[in-house]
Amino acid sequence: MKVKELKPVFSQEQITSRVAALAADIDAHYDQAPLVAVCVLKGACVFFTDLVRAMKHPTLELDFVRLSSYGTGDSSSRTVSFTKDVEISLQGKHVLIVEDIVDTGHTMDFLLRQFMARGAISLRIVALVDKCERREMQIATDFVGFPLESGFIVGYGIDYAERYRNLPAIYEVVPE
Ligand code: PRP
């Protein structure tokens, strides 16, 4: 696909203000309880670094996962696996999974099932963008930056063929 145009969807100012509001909600929710924030690489990297720096949680721990997924979109033929797992123990801690986009829901379905077996006190998801158009797995997002009906978006960590992750705002890709 050739990209004709990038159409602004969420501006840098809108993102900054939503991230600050999410950080405040998350801080209020967990207060001082033991908490690990897990970044789902690569897409969530920019959102994650802004979010955790906006949070005031006194003992927040950070970790990272990277997942790969094979197969077509439908639930019967989609396989998700770790290419990088967390390195710190989740036992006896609350876990906040930090995602850029929840789309079909397969990635989060896999991660929730994996983390559930690790003895976490609770598992919650913060998604910068919750996109419902192609949802196949029932995933409840706990904190959401922006709900989005449809559209192929890039920027602020989100790529098209590995490009555009460094853009400070979010755009919709308009193909030629
Ligand atoms: C994207 C995105 C989410 C996942 C959501 O990752 O960052 O992790 O897809 O899709 P789903 O809800 O349909 O499972 P991608 O596999 O493109 O990798 P990336 O984060 O490294 O860009």
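Any read-out appearing in this document is the output of simple, stated calculations on the displayed coordinates, not a laboratory observation. Remember, it's a predicted structure, so these values are computed and weren't measured experimentally. In this analysis, Cβ positions are derived from the backbone assuming ideal geometry, glycine residues included, and neighbour counts consider all displayed protein chains.
Rounded to the nearest angstrom and listed largest first, the equivalent-ellipsoid semi-axes of the chain from its Cα gyration tensor are 26, 20, 13. With θ taken as phi - 60° and the Karplus curve 6.51 cos²θ - 1.76 cosθ + 1.60 applied, the whole-hertz 3J(HN,Hα) list for the stretch 140-146 is 9, 8, 8, 10, 10, x, 9 Hz, x standing for glycine and proline. Among 82-92, 5-15, sorting by the average number of other beta carbon atoms lying within 10 angstrom of each residue, highest first, gives 5-15, 82-92.
In order along the stretch 109-122, phi translates into HN-Hα couplings of 4, 4, 5, 4, 5, 5, 6, 4, 7, 9, x, 5, 5, 8 Hz, rounded to whole numbers, per the Karplus curve 6.51 cos²θ - 1.76 cosθ + 1.60 with θ = phi - 60° and x for Gly and Pro.
Projecting label points 7 angstrom from Cα along Cα→Cβ for Ala20 and Leu60 puts them 1.5 nm apart. Excluding same-chain neighbours fewer than eight residues apart, the lysines reachable from Lys4 by a Cα-Cα span under 25 Å are Lys42, Lys131.
For the stretch 1-150, a simple Cβ point-charge model (Lys and Arg +1, Asp and Glu -1, everything else neutral) yields a dipole of about 320 debye relative to the Cα centre.
Spin-label model, Ser69/Gln138: points 7 Å from Cα along the beta carbon direction are separated by 1.9 nm.
For the stretch 81-117 and the stretch 130-176, what is the separation of their Cα centres, given in Å? When both Cα centres are located, 19 Å separates them. Phi angles of the stretch 52-59 translate, via the Karplus equation with coefficients 6.51, -1.76, 1.60 and θ = phi - 60°, into HN-Hα couplings of 5, 6, 8, 7, 10, 3, x, 10 Hz per residue; Gly and Pro are given as x. For the stretch 1-45, backbone nitrogen atoms closer than 19 Å to the point 7 Å from Arg163 Cα along Cα-to-C-beta are found at 1-9, 43.
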